[in-house]
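One structure is given here, and the rest of the page talks about it.
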Amino acid sequence: MRVQLLRAWPKRCESVEVELAQAACVGDALAAAGWRLEDGFVALAVFGSCVGIDAELHDGDRVELLRPLRMDPKQARRQRARRGSGR
């Protein structure tokens, strides 16, 4: 099965696709890509849903390495509203 891995930093992202055996887990995908959960990445997700390293993968899944939020999303929205920007 083919699985895509994605990790991003401010102004830069990296994506790689790996071929895995059936019944592979997130940890297997990380190992196949040569990636580890380090360097500021604190969690894993498959299509935006948080998962553990042992989560089973399916053909076509996208594994995302997540960084911590820099600001609470509600607070960011309040700041944008104060500035008068809808973005």
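The values are calculated or read from the model by the stated rules, or taken from the named source; none is laboratory data. What you are looking at is a predicted structure, and each value in this text was computed from that prediction instead of being measured. Neighbour counts run over all protein chains shown; Cβ positions are idealised from the backbone, glycine included.
Please verify whether residue 80 is within 14 Å of the chain's Cα centre (by Cα), surrounded by 10 or more Cβ atoms within 10 Å (Cβ to Cβ) and of a type outside the set (Asp, Glu), treating the condition exactly as stated. So residue 80 fails the test.
Do you know which residues across the stretch 2-30 are surrounded by 10 or more Cβ atoms within 10 Å (Cβ to Cβ), within 14 Å of the chain's Cα centre (by Cα) and not small (Gly, Ala, Ser)? Within the stretch 2-30, 3, 4, 5, 6, 7, 9, 14, 16, 17, 26, 30 qualify. Evaluate the stretch 73-81: report whether one residue or more is basic (Lys, Arg) and at pLDDT 90 or above. Within the stretch 73-81 (the criterion being basic (Lys, Arg) and at pLDDT 90 or above), the answer is no, since none of the residues qualifies. When residue 55 is tested against (1) surrounded by 14 or more Cβ atoms within 10 Å (Cβ to Cβ); (2) within 9 Å of the chain's Cα centre (by Cα), exactly one condition is not met: (2). Of the numbered criteria (1) touching a Leu at 6+ places or on another chain (Cβ under 6 Å); (2) within 17 Å of residue 2 (Cβ to Cβ); (3) exposed (fewer than 15 other Cβ atoms within 10 Å of the Cβ), the one residue 33 fails is (3). Taking the stretch 22-87 as the region of interest, the strands (runs of 3 or more DSSP E) fully inside it that hold 1 or more residues being more than 14 Å from residue 8 (Cα to Cα) are 43-46, 49-51.
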